[in-house]
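Have a look at the structure below before the remarks.
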Amino acid sequence: MAHIPKVQQTWTVVRQGHPSKALVLNDNVPVPADLESGDVLVKVQAAALNPIGYKLMAFLPNLFAARPFTSENDLSGIIVSSASPDFTPGDRVFGFVDVPLQWKTRQGSLGHYVRMPASRLAPLPSNVSSTQAAGFTMAGLTAYQSLIHQAKLEEGQCIFVNGGSSSVGAFAIQIAKAKGCKVYASASGKNEEFVRGLGADEFVDYTATSLHTHFTKIPPSPKFHIILDAVGVIDPSLYTHSPAYLAPGGIFLSTGPNPTASWRGAKDLVTTVVEAFLRPIWLGGTPRKYEICKVWGIREDLYALRDLIEEGKVKPVVDSVFAFEDTLKAYERLMSNRAKGKVVIRVEPDAE
Ligand SMILES: NC(=O)c1ccc[n+]([C@@H]2O[C@H](COP(=O)([O-])OP(=O)(O)OC[C@H]3O[C@@H](n4cnc5c(N)ncnc54)[C@H](OP(=O)(O)O)[C@@H]3O)[C@@H](O)[C@H]2O)c1
């Protein structure tokens with residue numbers, strides 16, 4: 001049996017603020033010793049960053065966050081101890097410690113060992129490495145669950161992914177193509193080849209034209225069944241003009257608030273909330289359904305995502321891989337808002 005140390009090193013969120021202020025590298029965090037029924041202990045091979053990590057660090061006061069806790073959610077790893085029939089020691093897995101679980105257990109993926117329910121994990125697909133798999137879960141499940149469950153994606157539909165080079169967008173393009181849909185996607189011009197390489201049929205450079213003007217002038221035929229705004233709320237116009245290019249009965253999905261510390265950002269957020277949720281159609285509101293993407297730790301969905309990866313229909317998109325001690329540099333890369341896919345941390349130095 002593998003030697004399991006009593007303490008470990010983790011990147012711990014200790015206070016509100018920028019990651020350089022909020023995170024400390026803590027050498028003395030106990031490795032969980034007891035497993036409850038259904039739990040496993042995972043030796044982390046690689047972890048991946050998500051914007052929710054730094055957003056909560058920056059915006060959530062200590063009063064409302066269960067600090068201190070180990071940072072981040074997504075991981076790949078090896079089972080070292082199991083109280084679940086699903087896995088035995090030595091199994092290679094990927095999955096996530098979702099945010100409510102992270103706050104409850106103080107466990108996260110930026111450490112060497114995590115105790116977590118087996119239901120948040122799936123076996124590693126045979127065609128990917130640990131660093132490729134580390135970032136599948138949060139972004140992949142967001143794209144999968146919002147398209148499949150919230151939007152009820154069907155074969156032959158036409159969809160628009162705003163932010164096709166983002167992690168959520170890259171998964172969404174691939175999932176929609178795997179389901180036989182026509183996909184339009186946006187990014188800045190430098191990312192056109194990357195986005196088309198993911199399967200997008202049509203590309204729009206959002207830096208060259210405003211998207212609502214573009215689609216109002218040249219609407220898709222048929223109109224979109226789904227718009228997935230994977231950039232998050234930054235400008236309400238794509239939604240408020242959507243009747244010109246989103247079919248009646250279609251749905252506008254957004255990955256949610258993307259706050260910027262500016263009056264413009266705050267105004268756009270308030271306008272979107274009013275237009276999407278408060279202003280009724282009879283008072284001039286937009287006659288299209290608007291929902292925020294939700295991500296749940298549902299085992300069946302994680303296994304469905306895994307199957308798409310194993311079948312080669314969804315490929316990993318890794319922007320960059322950083323060493324564990326360079327985690328703060330990795331946050332800088334993610335916070336640049338220019339990453340093309342996942343920013344990954346190699347936790348185990350020899351993880352492939
Ligand atoms: N609701 C949920 O459950 C949920 C779950 C996961 C993520 N999210 C949210 O979803 C958003 C995306 O997360 P992520 O991890 O996918 O982000 P990410 O990978 O860090 O996104 C970076 C990418 O966004 C693109 N981008 C930036 N501004 C853009 C714009 N105005 N138009 C089009 N593309 C733009 C950039 O491409 P260019 O360089 O070409 O601009 C870059 O490739 C974040 O706000 C995150 O918090 C929500």
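The values are calculated or read from the model by the stated rules, or taken from the named source; none is laboratory data. Keep in mind it's a predicted model, so treat the numbers as computed, not measured. All Cβ positions, glycine included, derive from the backbone under ideal geometry; neighbour counts span all protein chains shown.
Structural remarks
- Residue list for the stretch 107-161, filter: closer than 20 Å to GLU348 by Cβ, away from the ligand (no atom under 16 Å from the Cβ) and of a type in the set (Lys, Arg): ARG115
- Consider the stretch 59-74 and keep the residues that are in a loop (DSSP other than H, G, I, E, B) and within 18 Å of the chain's Cα centre (by Cα). The one that is surrounded by the most Cβ atoms within 10 Å (Cβ to Cβ) is GLU72.
- Residue tally, condition in a strand (DSSP E or B) and either hydroxyl-bearing (Ser, Thr, Tyr) or surrounded by 24 or more Cβ atoms within 10 Å (Cβ to Cβ) (or both), over the stretch 75-92: 5
- Filter result for the condition that a residue is in contact with a Ser or Thr (Cβ under 8 Å, 6 or more places away or on another chain) and among the acidic types (Asp, Glu), over ASP205, ASP268: ASP205
- Candidate set from the stretch 225-264 (those that are more than 16 Å from the ligand (Cβ to nearest atom) and of a type in the set (Phe, Trp, Tyr)); member that is surrounded by the most Cβ atoms within 10 Å (Cβ to Cβ): TYR245
- Checklist (1) away from the ligand (no atom under 11 Å from the Cβ); (2) of a type outside the set (Val, Ile, Thr); (3) in contact with a strand residue (DSSP E or B) (Cβ under 8 Å, 6 or more places away or on another chain); (4) modelled with pLDDT of 95 or more applied to GLY297, failing item: (4)
- Verdict on LEU56 being surrounded by 18 or more Cβ atoms within 10 Å (Cβ to Cβ), modelled with pLDDT under 95 and part of a helix (DSSP H, G or I): yes
- Taking the conditions (1) away from the ligand (no atom under 14 Å from the Cβ); (2) assigned to a strand (DSSP E or B); (3) surrounded by fewer than 19 Cβ atoms within 10 Å (Cβ to Cβ) in turn, PRO349 satisfies each one other than (2).
- The selection criterion, being surrounded by 15 or more Cβ atoms within 10 Å (Cβ to Cβ) and among the acidic types (Asp, Glu), does not hold for GLU325.
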